[in-house]
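Q: The structure that follows is given in the form of structure tokens.
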Amino acid sequence: MDRTRQSAPVAAGHSELGFVDRQIALRQIVADLRNLRDGVPDNFGPSAFDRLLRMIDASVISIAKADDEEWEIILMELLDLRAKMTRLATGGAETSH
């Protein structure tokens, strides 16, 4: 696996992160997703994905202020997306049909 494509880790106690740390984590995940976007096949449809990243980026403060349960859900979804994008970028994706 190409070490330059690896994503930055997120702290283990996600709900224990403070407001500033949550913002940092979100911005790092968005940056990772933008970097991974370059390695995804062209048929992925960049416009919807790029709009999603802009929306998340614009909502960092609101997301970071979410209660612990909602924060965990949002964070886990973003980490799952990052893992899927990593597999796509490194050619490790499998079709589900």
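Q: For the stretch 1-44, how many residues meet the condition of being over 27 Å from ASP67 (Cα atoms) and either modelled with pLDDT of 80 or more or open to solvent by less than 30 Å² (accessible area, probe 1.4 Å) (or both)?
A: Here the count works out to 5.
Q: Somewhere in the stretch 64-76, is a residue modelled with pLDDT under 90 and of a type in the set (Gly, Ala, Ser)?
A: no
Q: Scan the stretch 61-75 residue by residue and report those that are open to solvent by 30 Å² or more (accessible area, probe 1.4 Å), closer than 16 Å to ARG27 by Cα and of a type in the set (Val, Ile, Thr).
A: ILE61, ILE74 - these are the residues of the stretch 61-75 that are open to solvent by 30 Å² or more (accessible area, probe 1.4 Å), closer than 16 Å to ARG27 by Cα and of a type in the set (Val, Ile, Thr).
The values are calculated or read from the model by the stated rules, or taken from the named source; none is laboratory data. Keep in mind that this is a model prediction, so the values were computed, not measured. Each accessible area value is taken on the protein alone, full model and side chains, heavy atoms only, with ligands, DNA and RNA left out. Shrake-Rupley method; radii C 1.70, N 1.55, O 1.52, S 1.80 Å.
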